[in-house]
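Contents: one structure, followed by commentary.
The values are calculated or read from the model by the stated rules, or taken from the named source; none is laboratory data. It should be emphasised that the depicted structure is a prediction, and the values quoted were computed from it without experimental measurement. Note: ideal-geometry Cβ built from the backbone for every residue, glycine included; neighbour counts use all protein chains shown. Note: areas computed on protein heavy atoms with side chains; ligands, DNA, RNA excluded. Shrake-Rupley method; radii C 1.70, N 1.55, O 1.52, S 1.80 Å.
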Amino acid sequence: MRTISFTITAMLAVVIIFALTPASVRAYSYGDANTEDVAETFKLVVADLTVSPVDWKGVEDAHKARRSEIASHFGEEVVAELDADIASRDAELLTANYKALLVMNLDRRFESVIQSIDEYTQAKLLLAKAKATFEVLKPYAEAKLTKEQTDGITDDFQKALDAIGNPGLFGVGQLEADPEALKTTVNRIYDILVPLFPYS
């Protein structure tokens with residue numbers, strides 16, 4: 001009898017937690033928080049560009065699989081330029097513009113984090129997507145930055161995570177969000193990276 005009572009209580013707890021979860025959080029599905037689709041496509045493109053001879057069919061297939069998403073987020077002009085880079089078989093320019101695309105994606109994710117700061121779960125997922133984008137770009141950034149600058153970006157991601165706060169568990173460990181600190185840290189990351197990877 002006590003087992004049945006415990007089971008019913010546990011089920012009610014799950015229902016209550018789900019009901020209290022904001023609908024907008026439940027509506028989003030980002031898959032693996034530690035990967036970002038555009039960044040994963042960039043890795044596929046680079047892999048096909050660095051074989052000898054270049055696997056342009058692989059490049060085209062990887063790009064086409066993500067083309068409509070790139071167009072919807074960044075505009076037809078951006079995707080048309082990537083198309084042109086592939087058509088002209090300009091591996092250097094295509095790589096450079098895909099790196100610039102990752103910086104654009106960082107900016108997109110950062111803006112979404114700022115807008116979602118009142119919804120902790122969503123903001124945390126979006127920030128993780130931004131961090132996943134940076135991790136793919138990081139080896140190229142390290143070649144252009146000092147170790148202190150690179151470490152500073154890593155620190156700023158942690159500061160951004162701190163700035164979104166934490167609702168805690170039933171109020172325990174609760175931290176208030178700090179919108180201004182969030183804006184400061186993500187803007188600092190973006191301002192360092194954007195001149196390193198210009199879009200042509």
Please give the Cα centre distance for the range 122-159 versus the range 36-61, rounded to the nearest Å. 22
Over the range 80-160, with every protein chain in place, what whole percent of the accessible area is carbon and sulfur at 1.4 Å, could you tell me? 49
Could you report the range 132-197's accessible area per residue, 1.4 Å probe, as an integer in Å²? 57
Per-peptide average of other Cβ atoms within 10 Å, ordering 135-147, 91-103 highest first: 91-103, 135-147
Count, lysine Cα pairs under 20 Å in the range 128-185, 8 or more residues apart or across chains: 11
Ranked highest first by average number of other Cβ atoms within 10 Å, how do 148-157, 181-190, 51-60, 120-129 line up? 120-129, 181-190, 148-157, 51-60
Of Arg67, Arg108, which has the most accessible area with a 1.4 Å probe, and how do the rest follow in descending order? Arg67, Arg108
